Amino acid sequence: MKQDKTPLLDAINQLIDSKPAYFRIPGHRLDKGISSRWTKRTGTGIFAYDVTETPYTDDLHCPEGAIKEAQELLAELYKADRSFFLVNGTTCGNEAMILTAVHEGQKIMVARNAHKSAMMGLIISGAEPVYVMPDIIDEWGIQGGISPGQVRKTFEENPECKALFMVSPSYYGVVSDIEEIARICHEYGALLLVDEAHGGHVYFGDRNDTSFPKGALECGADMCVQSMHKVTGALTQSSVLHVKLRNLKHKNVDNSIDIDKLCANLHIVQSTSPNYILMTSLDCARYELAQNGKEMVLEAKRLCEYAREKINAISGFRCMGREILGEENFDKISKNSVCAIDTTRLVISAKDLGITGFELDEILFTQYQVNMELSDFENVVAVVTYANTVMDMDRLVEACRKISQNRCDVNKTASSNSINKRLPGIPVQKLTPRQAYFTKAEEIDWKDSVGKISAEMIAPYPPGIPIIYPGEVISQEIWDYLEAFRRDGRHIHGSKDGKLNKINVCNPEGTK
Ligand SMILES: Cc1ncc(COP(=O)(O)O)c(C=O)c1O
């Protein structure tokens, strides 16, 4: 196929050039009806691409023309058997993967650092999760990946698991040993589903740099989802789902992916009015990756290396690098839980100055207008892409230098140090997420919740990893962990008021 084509962009151009009298939705008529308050800043051009299904522009839910061709080009580029455009982010792709792999009464192994969209997939599917806890990289206070050893052990205990759902790379660029994990999954006839939200670009890394990660699909994953808006030139909400088809038979049970079912599931989790600007951005992002992908990744790596070196030379600052791959960082079972790191992520710590990641994030934002993607107890994380500039990196480096020089100006948020960065153990599961979701809930004071079954998913943000899933018992350990966030005034996703003063718990007596 010709990777220099952009079928969807060309189709919309054709529609626009035909100068139609337009009576379809959307009502702004290919740009004329957008508020001038907005267009005087942006111009009107891009709004003309906000169109709908027409004979030129095809239909995402039943593609036969431009979208079909654009998706085929995408599949060819990523060496997938099928690829799909998503307009509701990786969130809907994760839901669709889980819904395709498992249904009510079946088991699925889930890495406990999964994004909350995995929980939504569990609720919709009704499947029973069996969790694998990722390792902690102590030196940086962050989660590593899950290891092949952990996966094998969990399959030995739960051979009926139909699939494994995991994240790789993580927000911090930590990459698991997908190749070995895929082998183990397939040995048990299970599908490997990878949330590769942060990894759409790694496929274009220099293959001579063996420490740079390979893509999940290249390593044997059966399905993966990538947020193209996070790391390539696509617009927010634009993601893709790739499928690699293989015969997966285990003890005479066929567990191969059913593409028709996947398409039906994508229909469930996506709008019937998919946004054409988003889809066009995917078409064009794929085009750019095909033409310039290697150079784009190289540029991001160069920028990162440039800043990493300079920041490492600043007193009290350090950046995470390849040294975390050393075996001494892990115990036996989690050995190999980190297989590679994406060096286009810049993980920065000023903990040697007594500055937490949260504090560093705030100082960078308020005093230097440097916007980081994420902060945690110890670190801030920059997502560096080809579209950053040396000037961006210099501003970051300079801000770090000034913070190091003026370290006493830091406004300490005293209690943040009281938060335990070690995640609590996996709680007892009394109900599946779906059973809990459909069980009558009552609201109680958070202080009275120990021993109760949570009806909610509670995920302190950042990093947004659920500490408790619906259906799990709130142990004293979990309570203490979350209480530290609550007392500290941190934002807590899943709790109604965002502050965790109250929590909904299950009353297993009744259904909703
Ligand atoms: C690991 C991971 N998975 C999934 C998502 C959701 O992706 P999206 O924003 O594309 O829906 C995120 C978002 O940050 C994420 O970090």
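Checked against (1) surrounded by fewer than 24 Cβ atoms within 10 Å (Cβ to Cβ); (2) at pLDDT 95 or above, SER211 passes all but condition (2).
Residue check: ARG29 meets all listed conditions (1) surrounded by 18 or more Cβ atoms within 10 Å (Cβ to Cβ); (2) in contact with a Phe, Trp or Tyr (Cβ under 7 Å, 6 or more places away or on another chain) but one, namely (1). Would you say GLY293 is in a loop (DSSP other than H, G, I, E, B) and at pLDDT 95 or above? No, not satisfied. When the test is whether a residue is at pLDDT below 90, among the small types (Gly, Ala, Ser) and under 26 Å from the mean Cα position of the chain (by Cα), GLY494 passes it.
In summary, ALA70 fulfils each of the numbered conditions (1) under 19 Å from GLY215 (Cα atoms); (2) buried (at least 24 other Cβ atoms within 10 Å of the Cβ); (3) hydrophobic (A, V, I, L, M, F, W, C); (4) more than 16 Å from the ligand (Cβ to nearest atom) with the single exception of condition (1).
Selection of helices (runs of 4 or more DSSP H) fully inside the range 1-107 by the criterion of at least 2 residues being charged (D, E, K, R) and within 27 Å of the chain's Cα centre (by Cα) returns 66-78.
Could you please let me know if LEU278 is within 12 Å of the ligand (Cβ to nearest atom), not in a strand (DSSP E or B) and not assigned by TED's automatic domain parsing to the domain that holds LEU74?
Working: within 12 Å of the ligand (Cβ to nearest atom): yes; not in a strand (DSSP E or B): yes; not assigned by TED's automatic domain parsing to the domain that holds LEU74: yes.
In short, yes.
Beta carbons closer than 7 Å, at least 6 apart along the sequence or on distinct chains, pair a first residue in the range 223-241 that is in contact (Cβ under 8 Å) with a residue 24 or more places away in the chain with a second that is within 11 Å of the ligand (Cβ to nearest atom) and acidic (Asp, Glu) for CYS224/GLU196; VAL225/ASP195; VAL225/GLU196; GLN226/GLU196. The residues in the range 85-107 that are more than 15 Å from the ligand (Cβ to nearest atom), closer than 18 Å to VAL151 by Cβ and in contact with a Leu (Cβ under 7 Å, 6 or more places away or on another chain) can be counted, and the count is 1. If only residues of the range 221-272 that are more than 12 Å from the ligand (Cβ to nearest atom) and basic (Lys, Arg) are counted, the one that is surrounded by the fewest Cβ atoms within 10 Å (Cβ to Cβ) is LYS251. Residues in the range 372-389 that are assigned to a strand (DSSP E or B) and either in the same structural domain as SER170 (by TED's automatic domain parsing) or buried (at least 22 other Cβ atoms within 10 Å of the Cβ) (or both): 4 in all. Scanning the range 133-148 for residues that are part of a loop (DSSP other than H, G, I, E, B), aliphatic (A, V, I, L, M) and buried (at least 20 other Cβ atoms within 10 Å of the Cβ) returns a single hit, ILE146. In the range 138-176, which residues are among the charged types (D, E, K, R) and modelled with pLDDT of 95 or more? Matches in the range 138-176: ARG152, LYS153, GLU156, GLU157, GLU160, LYS162.
Considering each of VAL130, VAL151 in turn, give the residue that is away from the ligand (no atom under 11 Å from the Cβ), of a type outside the set (Ser, Thr, Tyr), assigned to a strand (DSSP E or B) and out of contact with any Asp or Glu (no Cβ under 6 Å at 6 or more places or on another chain). Quick ask: steps written out before the conclusion?
On the way: VAL151 fails: assigned to a strand (DSSP E or B).
Among VAL130, VAL151, only VAL130 is away from the ligand (no atom under 11 Å from the Cβ), of a type outside the set (Ser, Thr, Tyr), assigned to a strand (DSSP E or B) and out of contact with any Asp or Glu (no Cβ under 6 Å at 6 or more places or on another chain).
Out of curiosity, is GLY215 more than 16 Å from LYS162 (Cβ to Cβ), within 12 Å of the ligand (Cβ to nearest atom) and either assigned to a helix (DSSP H, G or I) or not charged (D, E, K, R) (or both)?
On the way: more than 16 Å from LYS162 (Cβ to Cβ): yes; within 12 Å of the ligand (Cβ to nearest atom): no; either assigned to a helix (DSSP H, G or I) or not charged (D, E, K, R) (or both): yes.
The answer is no for GLY215.
Do we find a residue being farther than 22 Å from ALA127 by Cβ, outside the structural domain of ARG112 (by TED's automatic domain parsing), free of Cβ contacts under 8 Å to residues at least 24 places away in the same chain and within 25 Å of the chain's Cα centre (by Cα) anywhere in the range 499-508? Yes.
Looking at this structure, is VAL110 part of a strand (DSSP E or B) and within 14 Å of the ligand (Cβ to nearest atom)? The answer is yes for VAL110.
Checked against (1) within 13 Å of the ligand (Cβ to nearest atom); (2) in contact with a Pro (Cβ under 9 Å, 6 or more places away or on another chain); (3) aliphatic (A, V, I, L, M), ILE142 meets all criteria but (1).
The values are calculated or read from the model by the stated rules, or taken from the named source; none is laboratory data. Because the structure is a prediction, the values reported are computed rather than measured. Here the Cβ is made from the backbone with ideal geometry for all residues, glycine too, and neighbour counts use every protein chain on show.
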